[in-house]
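First comes the structure, then the notes that go with it.
Please treat every number below as a calculation from the coordinates, not as lab data. All figures in this text were calculated on a predicted structure; none of them were measured in a lab. All Cβ positions, even for glycine, are placed from backbone atoms using ideal geometry, and neighbour counts span all protein chains on display.
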Amino acid sequence: MEDNAESRSNLILEQFEALSRSIVKNDKSYKPIHDSTRLYATRTFITDHGASQELEVLPNVDSLLVSEQEKLLTKDLLYVLSGAESNLITIHTIPPSHNKIGFSVDDRIDHSLKDQTLQITQAAGYYYIVQKYIEKACNFEYGKVNHALVAAMKNPLREYHILLGQLETILAKGELSLQSFWFHIHQSIHQLHIMSSIASVIEEKSARGGQVLSILHEKAISMVGDQSGKRICHALSETASQPYFRILENWIYKGMIHDPFEEFFISKGEIENDFKGEFIATDDYWENSYTSDIQYCPTFLRKNSNEILKTGKYVIVCNWQR
């Protein structure tokens, strides 16, 4: 009785998996309406709109004292680091891909202040890349691993926005200089730089599933001597790997694959199972019933990939012999 119930539940799960995979394959071009009609529904810069927003004109900036120019720049920096345009700091895209942005400071500003300002604007450039990836990877076709990585990236971004609020409070008290700004923000720049490099590689390779975990693993290995960077990579990897390891756990312990976004390195072959068991004895069935695609196997699992594939098959055989 229990075996029949388990067989029915497995069959229902497989039918749901097939339906989910069909939806993903057929609707990969789907985008929510707000993605194309609400260009301003973003938490970062608008670089592809027709006209820039009207900004306050600041006449005679060059006639101001250096200390007064510094006050204006600290205020503008808070706008820029939040993903908004400002008066004295101009945003421009970097060709050829236009996925990165650069900044330039008004020529009337003192040169020493320019250099300090551009050093701080690195945070805004990295933030732009990360935020664009987050907004894009939230779409369902990017898969559960990307979705989990997005959730993990939002935690450092939340701390980053809290820091900007604290800096705004310091500015209101008149105690925020460019040097103190750098002192407060330099650690966040390091975190954003790591996340932006990960997001850039994922976007460049259109990675999903095990490919994303490989990218995170390689980034963590490259953080030799950088303990804070390694902690960030490990935290991102721990969260992003959870959906993948749930698929792996089901395969190893139950011989089942529920992978609607095709992120796992093992997939069903072309041979259909008639639940009678006669195909198990043939080499053709054993080799082609489930196949592996090594590019979706994380690098840290590849030496055991063949054993993982066989383990799930053995579980299937054991279940059929009940």
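Condition test on Ile162, is it closer than 23 Å to Cys138 by Cα and more than 13 Å from the chain's Cα centre (by Cα)? Step through it out loud before you land on a result.
Values: closer than 23 Å to Cys138 by Cα: yes; more than 13 Å from the chain's Cα centre (by Cα): yes.
In short, yes.
When you scan the stretch 90-109, how many residues do you find that are charged (D, E, K, R), surrounded by fewer than 18 Cβ atoms within 10 Å (Cβ to Cβ) and not in a strand (DSSP E or B)? Before the answer, list the steps.
Going residue by residue through the stretch 90-109, those that are charged (D, E, K, R) are 100, 106-108.
Next, only the ones that are surrounded by fewer than 18 Cβ atoms within 10 Å (Cβ to Cβ) stay: 100, 107-108.
The next check asks that each one be not in a strand (DSSP E or B); those that pass are 107-108.
Result for the stretch 90-109: 2.
Where residues in the stretch 214-232 are within 16 Å of Tyr133 (Cβ to Cβ) and either outside any helix (DSSP H, G or I) or not charged (D, E, K, R) (or both), which of them is farthest from the chain's Cα centre (by Cα)? Working first, answer last.
Step one: list which residues in the stretch 214-232 are within 16 Å of Tyr133 (Cβ to Cβ), which gives 215-216, 219, 232.
Now narrow it down to the ones that are either outside any helix (DSSP H, G or I) or not charged (D, E, K, R) (or both): 215-216, 232.
Numbers: Ile215: 11, Leu216: 10, Ile232: 13 Å.
By that ranking, first place goes to Ile232.
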For the stretch 131-145, indicate whether the set of residues that are aliphatic (A, V, I, L, M), in contact with a Gly (Cβ under 6 Å, 6 or more places away or on another chain) and touching a residue at least 40 places away in the same chain (Cβ under 8 Å) is non-empty.
yes
Does the stretch 169-182 include one or more residues that are under 17 Å from the mean Cα position of the chain (by Cα) and surrounded by 19 or more Cβ atoms within 10 Å (Cβ to Cβ)?
no
